[in-house]
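Visitor: Have a look at the structure that comes next, please.
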Amino acid sequence: MLSSHSWIDIRRRASKGLHYRYTGYLLFLVLMMYKLILLDHHLHISNMKLDQADYIIAVGSLLLVSFWTFWLPPRGRLVSLTLLNLLWTGILYADLIYYRYFDDFITVPVLLQAGQVGSLGDSIRSLIHGYDLFFFLDWLIIVPFTAVMVFRKRRSTTNGYLFPGEQRQQRHKRINRRLVTGTLVLILGLVMTFVPIKRASDTWAVGLFEGNWWNITLYNVTGLIGFHGYDIYRYGRDHLIGQPKLAEEEVNQVKAWFDAKRMKPSGSDAWFGKYKNSNVITIQTEAFMNFVVGQSVEGQEITPNFNRLMKESMYFSNFYHQTGQGRTSDADFVTHSSLLPLPTGSVFTRYADREYDTLPEILKEQGYAANVFHAYDSSFWNRTTMYREMKYDRFYSKKDFDMTDVLGWSLSDKAFLEQSLNEMDSIKQPFYSFLITLTSHHPYYVPKDARKLDTGAFEGTMFGDYLQSIHYVDEAFGQFVDQMKEQGLWDNTMLIIYGDHDNSIKDKADYEKFLGRELNALDMEQIMNQVPLLIRLPDGENAGVYSDAAGMMNVTPSILHLLGVPSEPYYWIGSHLFDEEPRLIPLRSGAFSDEKVFYLPSETAGLEGGTCYDLVTRQPTDIQACRDGYDETQKQLKISDQVITYDLLKQFKTQGGVETK
């Protein structure tokens, strides 16, 4: 029999072995859980808190990405766990920075646009906070410790008194133990991850992986690691396993929806063709938001020139930007195609080769010249390729401008608008010109000699810098209008100005301080999603404020309606703005607005998870008041996604005998 001292020695050795074998792995789990919790805290997503299921899924996901380290010898395991820590910390932090700007997480399509990151220097730096160091403090210990452990003198793990056969047997036992342990961890990870997700997708998150889900909602169910895993799977399914095809029944349903929509004749009102053969100039203005229009700070108007222009223009005060992850490229796409953005990535970068009914191509068929102006790198957002597919005659990019007055990202808006208008002097009429500004881009830097607005209490803040940059752009508008008049374009040109998306400044306190009132969730949602739309007609008629709900998908049908181009041949989600029928404006998040209600989705699934607001009382109302709008929003988002992903317009036109690109 073994003596008591022998048993103590065995327990001590076993405890030491257990400690050496698993402590590093447990430390990895604890540190990464801490970082996942820290990330969730810094995201500040309303109405979403980690619960028991979230913690279980998070631990399970960590097991799934690390189980294989048990199959390695101790040093290899230690190095692998350290590398996994470095990798996932980098991913978590990149997601946090991306979320602070875009309200979304990084996806594979976004990574394919990573070449653009180098151009975002100042914007990225402004999103980094001092307390972010807490994500990286553990590196100060684990990296040096790993290096010491790897390079220290290796000790033999076998008993020198054993015969060779016994040594091999001992080595096989260690390998088998590692294989069994790793496999058990894998099984445990699968159970902890997929059982709670399956339970959610069968109950409150029905349709999670089939519907047009917001990425934040996916994160709420799958956790961040699970979200990235599903995103990789989704991208591989759609892009690496051949061209996706849609079931014939669903194709017919999409076609039937468009056919029903196009049954109403487009030339049945006084607006149709009233401005036939007019030139059209559209200015897409960077981060120009509705809440600044008509406002003053320290007694000074922020947008005095735009305010004056409103008096002889149609101004749509409830116009929504409808963009997704593609931001400014989404604004461009939705405005010119009357389709909706994708749930992930940018149509410009993912599906530039698809068939779309775009404004420049349609106008070229009507005898127009069509040109686009943007004083930045032509490859940014894959513009060169996309604009070629949209059939623009020419893309005037950074290389085509005289970079005499650089401000922020590129040429100042004053110089950009002036030089663009000079180029239009040599373009045959009628023409369509699309101009994309840049000065008011995040982080909104305006040099001291160009600052003419006293921002008062907002001086030295990003919010104050934003107001300053918009005031500068407004000055550029005033000069542009004067130049149009000098060049004889004012009386035969339709001028359209709209903002492309929000400013990524989300602190409610800034807006409450600026507007001088408390804001509820509806107020903030509208502030962050509404941008100006101004249409100045050649004769200045029909000026006024139009308060009906409108969105970017209505712009192309509206322009063509005024020019007398019938809408029947084209496949658009939106309709023109000049009829009296109620409009529904879907947003990529699943929110929507019509004339009576605004629906704000939550991170949970389905209609009941969100909040329905009455636009008269501006307070929550019966959720069923949003039922029809919710269903139609989901339908339109799905149809638009299918048109883009499966290239359905090419199929429809081929079947109809129409020549495609």
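Visitor: Looking only at the stretch 577-605, count every residue that is free of Cβ contacts under 8 Å to residues at least 40 places away in the same chain and outside any loop (DSSP other than H, G, I, E, B) and tell me the total. Break it down stepwise before answering.
Guide: Going residue by residue through the stretch 577-605, those that are free of Cβ contacts under 8 Å to residues at least 40 places away in the same chain are 580-583, 596-597, 599.
Imposing the further condition that a residue be outside any loop (DSSP other than H, G, I, E, B) reduces the set to 597, 599.
So the count comes out to 2.
Visitor: Cβ-Cβ distance below 9 Å, separation of 6 or more or different chains: which pairs start in the stretch 97-117 with a residue that is more than 13 Å from residue 224 (Cα to Cα) and assigned by TED's automatic domain parsing to the domain that holds residue 524 and end on one that is of a type in the set (Phe, Trp, Tyr) and at pLDDT below 75?
Guide: Cβ pairs passing all conditions: none.
Visitor: Moving on. Return only the number of the condition from (1) in the same structural domain as residue 331 (by TED's automatic domain parsing); (2) out of contact with any strand residue (DSSP E or B) (no Cβ under 9 Å at 6 or more places or on another chain) that residue 579 does not satisfy.
Guide: (1) is the only condition that residue 579 fails.
Visitor: I've got another one for you. Please pick out the residue among 485, 506 that is among the basic types (Lys, Arg) and modelled with pLDDT under 95. Walk me through it before giving the result.
Guide: Numbers: 485 fails: modelled with pLDDT under 95.
Result of the check over 485, 506: 506.
Visitor: Oh, and also: In the stretch 212-331, which helices (runs of 4 or more DSSP H) lie fully inside it and hold 3 or more residues that are more than 23 Å from the chain's Cα centre (by Cα) and either within 30 Å of residue 418 (Cβ to Cβ) or at pLDDT below 95 (or both)? Before you say what the answer is, go through the steps one by one.
Guide: Numbers: elements: 215-239, 248-261, 304-310.
Where helices (runs of 4 or more DSSP H) fall fully within the stretch 212-331 and carry at least 3 residues being more than 23 Å from the chain's Cα centre (by Cα) and either within 30 Å of residue 418 (Cβ to Cβ) or at pLDDT below 95 (or both), they are 248-261, 304-310.
Visitor: Continuing with this model, one more query. Which residues, counting only those in the stretch 602-626, are closer than 20 Å to residue 531 by Cβ and crowded, with 21+ Cβ neighbours inside 10 Å?
Guide: Correct list: 613 only.
Visitor: Could you tell me which residue of the stretch 493-519 is farthest from residue 466 (Cα to Cα), considering only residues that are touching a strand residue (DSSP E or B) at 6+ places or on another chain (Cβ under 8 Å) and not hydroxyl-bearing (Ser, Thr, Tyr)? I'd like the intermediate steps shown before the answer.
Guide: First pass over the stretch 493-519, keeping only residues touching a strand residue (DSSP E or B) at 6+ places or on another chain (Cβ under 8 Å): 493-500, 514.
Narrowing further to those that are not hydroxyl-bearing (Ser, Thr, Tyr): 494-497, 499-500, 514.
Numbers: 494: 28, 495: 24, 496: 22, 497: 18, 499: 14, 500: 15, 514: 12 Å.
So, considering only residues that are touching a strand residue (DSSP E or B) at 6+ places or on another chain (Cβ under 8 Å) and not hydroxyl-bearing (Ser, Thr, Tyr), the one farthest from residue 466 (Cα to Cα) is 494.
Visitor: Tell me, please, whether a residue that is within 25 Å of residue 650 (Cβ to Cβ), buried (at least 20 other Cβ atoms within 10 Å of the Cβ) and in contact with a helix residue (DSSP H, G or I) (Cβ under 6 Å, 6 or more places away or on another chain) can be found in the stretch 582-597.
Guide: So the first thing to find is which residues in the stretch 582-597 are within 25 Å of residue 650 (Cβ to Cβ), and the list is 586, 588.
Keeping just the survivors that are buried (at least 20 other Cβ atoms within 10 Å of the Cβ) gives 586, 588.
If we keep only those that are in contact with a helix residue (DSSP H, G or I) (Cβ under 6 Å, 6 or more places away or on another chain) too, we end up with 586.
Yes, because at least one residue in the stretch 582-597 is within 25 Å of residue 650 (Cβ to Cβ), buried (at least 20 other Cβ atoms within 10 Å of the Cβ) and in contact with a helix residue (DSSP H, G or I) (Cβ under 6 Å, 6 or more places away or on another chain).
The values are calculated or read from the model by the stated rules, or taken from the named source; none is laboratory data. Please read all numbers here as calculations on a predicted model, not as lab measurements. A quick note on method: Cβ atoms are made from the backbone with ideal geometry, for glycine too, and the neighbour counts reach across all protein chains shown.
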